[in-house]
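The values are calculated or read from the model by the stated rules, or taken from the named source; none is laboratory data. The structure presented is a predicted model; accordingly, all values stated were derived computationally and were not measured. A quick note on method: Cβ atoms are made from the backbone with ideal geometry, for glycine too, and the neighbour counts reach across all protein chains shown. These area figures cover heavy atoms from the full protein model, side chains too; ligands, DNA and RNA do not enter into them. Shrake-Rupley method; radii C 1.70, N 1.55, O 1.52, S 1.80 Å.
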Amino acid sequence: MSEADGAKTETHDPAYPQKYLEFMRTGWRDAQLTPQAADGAARYAARRARLAAAFPGETLIVPSGHEQVRANDTNYNFRPGSDFFYLTGEFDPESVLIIRPDGEATLFVRPRSPRDTDEFFKDRMYGELWIGRRHTLDEKAAELGIATANLADLPDVLSGLAPRGTRVLRGFDHTVDAAVLPWGERDRELAWTISEHKLVKDAWEIAQLQDAIDATVRGFEDAARVIPGDRPVSERLIEGVFGLRARHDGNDVGYSSIVGSGAHATILHWIRNDGRTNPGDLLLMDMGVENRNLYTADVTRTVPVSGSFTPLQKQVYDLVYASQQAGMDFIKPGVKFEDVHTTCMRVLAEGLHDMGILPVPVEEAMQKDSMLYRRWTLHGFGHMLGIDVHDCANARSENYNKGELGEGYVLTVEPGLYFQAEDDLVPEELRGVGVRIEDDVLVTAEGCVNLSDGLPRTSGEVEAWLGTQREQGFRLPS
Ligand SMILES: [Mn+2]
């Protein structure tokens, strides 16, 4: 319920007596803040320069996006737009990056909650007594190594821009989208250029990914330690324990954790996580920590809850492992993305054929007009990984799924087999079995290295690891 002065307040807020208002307006000392250069600040500047060089003489606008309302005055946790963050390192909502025709960049940010208005104690969305001390424009500039300007001045700047000389990363800020009209394919060119700039990871980015992956390894260890072999626990216990690790060691989870026990493992995006583990079942966990610089891991392990695979579970698991290993062995600079896919899928198709499940010869199933094996493999072999779990998503097809891998790419390799509980075409004992093994690999000059090899992959190693974790027992992160 907004007051006359524009502060965002709520129905349940107490009234503001005049004496209290006057009292609150006096007697405050300014809180000092010593800005520290952000981690990797120089890299953000280099990224902006590279983008500016791709569009000389043009104005480029990349917004971060707004907070999303959950209900009334409670918002979802804000995460900056990934491309915006890639170019600025800035976490606060509503900020907008503008790169000018001469290559100079300005970050438009909301300034501090001024003490000469009542915003600082009344406004739930921006008031510093509600959300904490914000930066002055100068502090923000010092921290991020970029010129800053008041967000309030942005509308005037935008209204002076010609659509023909301007490109906007659309879909993040409706006010920016509405202020600068689109002009042909120009905005899409901006989006794919940023995505394609992100394909090759430099040493600092690889260290960020390794940091996220190492935290993810610890999170999987935590999870394994709370899964008993002899009685059920809720999938949400596992989700929660991993989430604790993600918040403690990183920024958050990089995507909603998938914790699927039994037949839930066959549902690709099982994020309800309202089931329970069953000692005879397989448990699939697809979870990743996003680190403090917003790089995320994306790892899946499938474990036998009892502690050891049944012969049939092991057969399926080992087949998925063989597929994943074949993909990893194949990956090197210059190979086609879709050939990695075919390599992984061929192993699965052959295995499905050997098990008597694939109803046609393998060569026939591998044809582009058939792909019958896909009933049980469902998805692609993997995707780029970086600041987004599905990184570089706006890259042009010829540089991604129809393109070749390059040195410095980081991607997942994650084949799986999924036998739905209601699938009449597979033997009864396979129904409700799902297996995926997912690792994060870095393409090197000679091949690839597995950045997530801190977790076991073979069926035997998984059993031994689960046993070891259970012996260690769960301990809170410290
Ligand atoms: Mn993935």
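Normalise the Cα radius of gyration of the stretch 203-472 by 2.2 N^0.38 Å (N = residues in it) and let me know the number. Write down the numbers at each step before the final one.
Details: Rg = 17.8 Å, N = 270, 2.2 N^0.38 = 18.5 Å.
The value comes to 0.96.
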Only bridges whose two residues both fall in the stretch 4-196 count here: according to DSSP, what percent of them are antiparallel, nearest 5? 60 percent
Carbon-plus-sulfur fraction of the accessible area of the stretch 16-135, 1.4 Å probe, in percent? 51 percent
Could you tell me how far the Cα centroid of the stretch 431-478 sits from the Cα centroid of the stretch 331-353, in Å? 21 Å
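For the chain, what value does the Rg/Rh ratio take when both radii are computed over Cα atoms and Rh is the Kirkwood radius, given to two decimals?
On the way: Rg = 25.6 Å, Rh = 24.9 Å.
Dividing the radius of gyration by the Kirkwood radius yields 1.03.
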Report the antiparallel proportion of the DSSP beta bridges in the chain as a percent, rounded to a multiple of 5. 85 percent
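Output the relative contact order of the stretch 203-472, whole-number percent, from Cα pairs under 8 angstrom with separation of 6+ residues.
With pairs under 8 Å counted, the relative contact order is 23 percent.
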Separation in nanometres of the label points that stand 7 Å from Cα toward Cβ, at Q472 and D102: 5.6 nm
Heavy atoms of the protein only, probe of 1.4 Å, neighbouring chains included. What is the accessible area of Y400 in Å², nearest 10? 30 Å²
Determine by what factor the alpha-carbon radius of gyration of the stretch 4-196 differs from 2.2 N^0.38 Å, reporting the quotient. 1.14
Give the share of C-alpha pairs in each 10 angstrom bin for the stretch 248-310, from 0 to the last occupied bin, in whole percents, shortest bins first. 24, 43, 26, 7, 0
How many angstrom separate the Cα center of the stretch 12-26 from the Cα center of the stretch 93-119? 29 Å
Any lysines whose Cα falls less than 29 Å from that of K402, other than same-chain ones fewer than 8 residues away, would be K198, K201, K332, K336, K368
Find the centroid of the Cα atoms in the stretch 27-83 and in the stretch 175-205, then give the distance between the two in whole Å. 15 Å
Can you list the lysines whose alpha carbon is less than 25 Å from that of K122, not counting same-chain residues fewer than 8 positions off? K8, K19, K140
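Once you charge only the Cβ atoms, +1 for Lys and Arg and -1 for Asp and Glu, what is the size of the charge dipole of the chain about its Cα centre, to the nearest 20 debye? Kindly include the intermediate steps, with their values, before the conclusion.
Numbers: 50 positive and 76 negative charges, 130 e Å.
Charge dipole, the chain, about its Cα centre: 620 debye, nearest 20.
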Quick check for you: with a 1.4 Å probe and neighbouring chains kept, what is the accessible area per residue of the stretch 203-472, in Å²? 39 Å²
What percent do you get for the relative contact order of the stretch 346-477 when only Cα pairs under 8 Å and 6+ apart count? 17 percent
Inter-probe distance in nm under a simple model that places probes 7 Å from Cα toward Cβ, at A31 and E404: 5.5 nm
